[in-house]
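The structure under discussion appears below in the form of structure tokens.
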Amino acid sequence: MTGTWTLTRFALRRERLGLPIWVVVAAALVAIQSVQSQDFYADPAQLASLRTTAEGNPALLAMTGPVRLLETVGGEAVFEIFSYVATVLALMSMVLVIRHTRADEEAGRAELVRSARVGRRAPLTAALVVAALANTAAGALAAVAAVATGLPLDGSALLGAALASVGLAYAGLTAAAVQVFDHTRGVSGVVIAALGASWALRGAGDVGDGTLSWLSPIGWGQRTYPYVDDRWWPLLLPVGLAAVSTAAAVVLLDRRDLGAGLLASRPGRARASWALSTPLGLAWRLQRGSLAAWAAGLFLLGLAYGSFGRSIEEVVADNPQIADFLPGGARDVVDSFFAVTIAFGAVLASAYATGAVLRARGEETSGRIEAVAATPTSRWSLLGSHLTVAFLGSTVVMALNGLGQGLAHAAAVADPDQVLRLTGLSLAYLPAVWVVAGVAALAVGLAPRAAPAVAWTVVAWSGVVAFFGDSFELPGWARDLSPADHVPAVPLDELTVAPLTGLALVATAATVAGLVGYRRRDLELS
Amino acid sequence: MTAPIEVHDLVKTFGRTRALDRLDLTVADGEVHGFLGPNGSGKSTTIRVLLGLLRADSGTARLFGGDPWRDAVRLHRDLAYVPGDVTLWPSITGGEVIDLLARLRGGLDERRRADLLDRFDLDPRKKARTYSKGNRQKVGLVAALASDAELLILDEPTSGLDPLMESVFQDCIREVRAEGRTVLLSSHILAEVEALCDRVTIIRDGRAVESGTLSELRHLRRTSMAVETDRPATGLDTLTGVHDLVVAGPRAEFDVDTAHLDAVVRHVSGFGLRSLTSQPPTLEELFLRHYGTDVARPAVPA
């Protein structure tokens, strides 16, 4: 354990920029939800009608929590936001523990550290101490945020403790997974899978009789019922899980070599498959994993949105204020809802496409492009291969998001036509997504160093306009800067071709200019 | 026949830094050409201009007589390149990288691939993230050597290789030369260059300061001598071309400009030579003279 204190301080220094963001985001989510819930459900009658709606609505329960929380306004806030804040803290814990253990070992930095007067358990201990501090800070700040926005002290303290405990459980699980896999991807894969299982079990449990929820750390946290029953004992479960998995991690750590895992990496192929023969084959190989993850995520999100579609009418009837958040108001609630969710899908697809285009820049800054560029591969192919994946991939992602919404909505209203309708309408946003990708390509070609900042700013601005454009009453020119805002708000508004053609032309022009710029400039190698 | 590589007055600047300052470099067909210089002297920049990755500001660079910037794709068919720092995709295996690069270049010699993997003792099934620096370098070397490219451009290819692998590498380069192929070998490992290269260009601050065969270069330089004579050798200090003379009784140690070697040996033999050891200048000395302190630089004989 020698060196733990030094390593802990060093880890905190390495995290000084990123860590506060996680903590503040978690607390901000609680504060915003607290304000909104107290705004919407100040009248007990409204809370009662939400309870009735929720009991008959599995989709709503699957996305939120147990109905029991809907006894008080504070409980309603927990009902809506707990799973999400807990997820933020779980991911934060995962990232922290991985970064200060397996990632350091993988990069070879751990070797240097361990050659000093540093005990074998010190890096893991330091990582867990930092994770515990971070979760405690986030829980405390969340409790402060809840109290500051007017919720009772007791429940807020319990809410903060519950969030911190769930986060800590994932820190422990990550610590154990770090001992098992010899590379970070394996660790994050299994921890994210555990988090997904925790969502699924809790969702299934709360839709059913609640038994399955007891298998989920998120379920444990919710079952403290802050502001309703204020019971502390369920927190023994996540804290116990953290303790047991940490103990397991230490036992495994004492039995493995530095850099090794319990499971050795499987050897890969000695020969490349036929697909890995061209620049496009390489781009596909590098990007297929991320495309699969985005596609699956957006399809599932689509299913979730779609299953809400019908019940949104009931929810709005109960709480007319919600209609203020929908572009069409209460006029056509279902279409208004889908207008928002499809636009949301388009913003996420833009984020995917931007990441895919910037991959080309990553290949350059990492120096990996050098060996490829020295083969008879043109600059067009070097950048074009990644652009091809980005454009086709964003099409797939958008279509799957629409398909998910269509399938779930079709099932809810027993109308198979909804499948094609929502999938097709979703694709109306493609030209706007391509404009975002085209701007990223333009930046990679003409302003490579600024490319990530430029490209992500466009995505972020599209998000701001899509989510807050109406509530902030942004001026027209500001909205015009978002490509997606030029697309008719289908299905609420009528689909017109002219703006889509315009967007497609802009996307093409930007992409071609980016390719020409890329052809004409030096590659930036270290 | 045009030389595979011809560079004249090449200038490349990055902002205010003048990375290449009127560089000249000629690599003749079928030779192994050593490209020597310390880090930051412009070796990699020169190579990247030759590969069309960077565009020259002025001067000419010709690869097989063509323009490396405009005709990059066509010219790359006939060359294979190993970067100084081979960076690979973490989740792709070494074997896959070798195949990918070979296929992008238009195919590879299967027998040679298997043979090289064996000689370099490289496991092609390991994911690149698990390779050490030396193993990543081997992946680049096998990919390049398994091709039948006419020109190999190797940028410090052996950094990270152990002595055993260094010797395998040297064997491979000799085979390549025996096949009549051309190699541009950038290096700062002098023993490697001395062992392999027909001609050498020494570069400093983006400018070629020496170029020629090793013997030509040696000719311009001093030979260290230690003699023992029957009678004390006198008058050595009056001879042209003798430097750093130390006389102790019958022994004398000094450096001779190689151009004056003959006259000096004749003079010394007049005193009854008992023993003579002479050491030709090593590449290392040539190198240090260019990069060492200016005090150590000799006056270049006219």
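Need one number: nm distance between label points at A:E473 and A:E55, each 7 Å from Cα along Cα→Cβ, rounded to one decimal.
With each label point 7 Å from Cα toward Cβ, the separation is 4.1 nm.
Let me check against my output: what whole-number percent is the relative contact order of the range B:1-123, with C-alpha pairs under 8 Å and at least 6 apart? Before the final figure, lay out the partial values.
Numbers: 140 pairs, mean separation 27.6, N = 123.
So the answer I get is 22 percent.
Check the straight Cα-Cα distances from B:K12 and name the lysines below 21 Å, setting aside those fewer than 8 residues away within the same chain.
B:K43
Using Cβ counts within 10 Å as a stand-in for footprinting exposure, how do B:T238, A:T278 rank, fewest first? Spell out each step's value before the answer.
Values: B:T238 8, A:T278 16.
Neighbour counts put them in this order, fewest first: B:T238, A:T278.
Which whole-Hz ³J(HN,Hα) couplings does the range A:43-60 yield from phi under the Karplus relation 6.51 cos²θ - 1.76 cosθ + 1.60, θ = phi - 60°, glycine and proline marked x?
Taking θ as phi minus 60°, the curve returns 8, x, 5, 5, 5, 5, 6, 4, 4, 4, 4, 5, 4, x, 10, x, 4, 5 Hz for the range A:43-60.
About the Cα centre, and with charges only on the beta carbon of Lys, Arg (+1) and Asp, Glu (-1), how big is the dipole of the range A:183-232? Nearest 20 debye, please.
Working: 4 positive and 4 negative charges, 50 e Å.
Roughly 240 debye, rounded to the nearest 20.
State the Cα centre-to-centre distance between the range A:154-196 and the range A:470-517 in whole Å.
Here the answer is 40 Å between Cα centres.
Can you tell me the FRET efficiency between A:D43 and B:D162 if r is taken as the Cβ-Cβ distance and R0 is 56 Å, rounded to the nearest 0.05?
Numbers: r = 78 Å, r/R0 = 1.39.
My answer for the efficiency is 0.10.
Rounded to the nearest 20 Debye, what is the dipole magnitude of the protein assembly as shown about its Cα centre when Lys and Arg each give +1 and Asp and Glu each give -1 at the C-beta? Mind showing how you got there, number by number?
Values: 75 positive and 83 negative charges, 283 e Å.
Charge dipole of the protein assembly as shown: 1360 debye, to the nearest 20.
Hey, what number do you get for chain A at 222 nm if only DSSP H runs of n ≥ 4 count, each worth -39500 (n - 2.57), divided across all residues, to the nearest 500? Write out the running numbers ahead of the final one.
Working: 22 runs with 382 residues, N = 526.
Roughly -24500 deg cm²/dmol at 222 nm, from the helical runs in chain A.
Considering the options A:A193, A:T125, A:L212, tell which one lies farthest towards the positive end of the dipole of the range A:84-219, charges being +1 on Lys and Arg and -1 on Asp and Glu at the Cβ, about the Cα centre.
A:T125
Out of A:V67, A:A28, B:S278, whose Cα points farthest toward the positive end of the dipole of the protein assembly as shown (charges: +1 Lys, Arg; -1 Asp, Glu; placed on Cβ)?
Farthest towards the positive pole: B:S278.
Have a look at the DSSP beta bridges in the protein assembly as shown and tell me what percent are antiparallel, nearest 5. Please report the intermediate quantities before stating the final value.
Working: 39 of 58 bridges.
Among the beta bridges of the protein assembly as shown, antiparallel pairing accounts for roughly 65 percent.
Work through the residues other than A:A248 whose Cβ is under 13 Å from its Cβ and net out their charges, Lys, Arg +1 and Asp, Glu -1. Mind dumping the intermediate values first?
Details: positive: A:R255, A:R256; negative: A:D254.
Taking every Cβ under 13 Å from that of A:A248, the sum is +1.
Given H placed 1.01 Å from N in the peptide plane, which residues other than close sequence neighbours of A:R271 have an amide H under 5 Å from its amide H?
none
For A:V97, A:V372, which order do you get if you count the other beta carbons within 10 Å of each Cβ and list the fewest first? Each step should come with its number before you reach the end.
Working: A:V97 28, A:V372 18.
Ordered by Cβ neighbours within 10 Å, fewest first: A:V372, A:V97.
For A:R255 and A:R185, calculate 0.36 nm times their separation in residues minus their Cα-Cα distance, and state this gained length in nm to one decimal. Spell out each step's value before the answer.
Working: separation 70, 0.36 × 70 = 25.20 nm, distance 2.17 nm.
Extending this stretch completely gives an extra 23.0 nm.
Once the Cβ-Cβ distance between A:F10 and A:R449 is put in as r, and R0 is 30 Å, what FRET efficiency do you end up with, to the nearest 0.05? Don't skip to the answer; put the middle values down first.
On the way: r = 30 Å, r/R0 = 0.99.
The pair A:F10/A:R449 has a calculated efficiency of 0.50.
Hey, what number do you get for chain B at 222 nm if only DSSP H runs of n ≥ 4 count, each worth -39500 (n - 2.57), divided across all residues, to the nearest 500? It would help to have the intermediate numbers written out before the result.
Numbers: 10 runs with 95 residues, N = 302.
Computed mean residue ellipticity for chain B: -9000 deg cm²/dmol.
How would you rank B:H8, B:H260, going from fewest to most other Cβ atoms within 10 Å of each one's own Cβ?
Values: B:H8 13, B:H260 17.
Sorted ascending by nearby Cβ count, the order is B:H8, B:H260.
Given labels modelled 7 Å from the Cα in the Cβ direction, how far is it in nm from A:A460 to B:T282?
About 5.7 nm separates the two model spin labels.
In whole percent, what relative contact order does the range B:55-132 give with Cα contacts below 8 Å and a gap of six or more residues? Before the final figure, lay out the partial values.
On the way: 44 pairs, mean separation 26.4, N = 78.
In percent, rounded to a whole number, it is 34.
Residues of the range B:59-101 with the amide nitrogen closer than 19 Å to a label point 7 Å from the Cα of B:D148, along Cα-to-Cβ, please.
Within reach of a label on B:D148, which here means backbone N under 19 Å from a point 7 Å along Cα→Cβ, the range B:59-101 contributes B:75-81, B:99-101.
Cross-link candidates for B:K126: which lysines have Cα within less than 23 Å, leaving aside residues fewer than 8 places away along the same chain?
Result set, ordered by chain and number: B:K138.
Show which aspartates and glutamates lie in cross-link reach of B:K133 when reach means a straight Cα distance below 12 angstrom and same-chain residues fewer than eight apart are skipped.
B:D85, B:D162
Please average, across the residues of B:77-85, the number of beta carbons from any other chain that are within 10 Å of each residue's own beta carbon, and give a whole number. Numbers along the way, then the final one.
On the way: counts 2, 1, 3, 3, 5, 3, 7, 2, 4.
For peptide B:77-85, the averaged partner shielding equals 3.
Once R0 is set to 51 Å, what does the formula 1/(1 + (r/R0)^6) return for the Cβ-Cβ distance between A:L481 and A:T211, expressed as a FRET efficiency to the nearest 0.05?
On the way: r = 50 Å, r/R0 = 0.98.
Calculated transfer efficiency: 0.50.
I'd like the distance separating the alpha-carbon centroids of the range A:301-373 and the range B:51-89, in whole Å.
44 Å
With an 8 Å cut-off on Cα pairs and a minimum separation of 6 or more residues, tell me the relative contact order of chain B in percent. Don't skip to the end; give the middle numbers.
Working: 575 pairs, mean separation 56.7, N = 302.
Value for chain B: 19 percent.
Using 0.36 nm per residue of separation minus the Cα-Cα distance, give me the extension gain between A:R231 and A:V25 in nm, one decimal. List each step's numbers first, then the result.
Numbers: separation 206, 0.36 × 206 = 74.16 nm, distance 2.59 nm.
Contour length minus Cα-Cα distance gives 71.6 nm.
Among B:Q137, B:T93, A:L523, flag the residue with its Cα farthest along the positive direction of the charge dipole of the protein assembly as shown, charges on Cβ as +1 for Lys/Arg and -1 for Asp/Glu.
B:Q137
Is there a quick way to get the dipole size of the range A:72-133? I mean about its Cα centre, with the Cβ of Lys and Arg at +1 and of Asp and Glu at -1; what is the value in debye to the nearest 20? Kindly include the intermediate steps, with their values, before the conclusion.
On the way: 7 positive and 6 negative charges, 102 e Å.
The calculated dipole for the range A:72-133 is roughly 500 debye.
Where a number appears in this text, it was derived from the coordinates with a stated rule and is not lab data. All of these numbers come straight from a predicted model, not from anything done at the bench. Ideal geometry is used to build each Cβ from the backbone, glycine not excepted, and the neighbour counts take in all protein chains shown.
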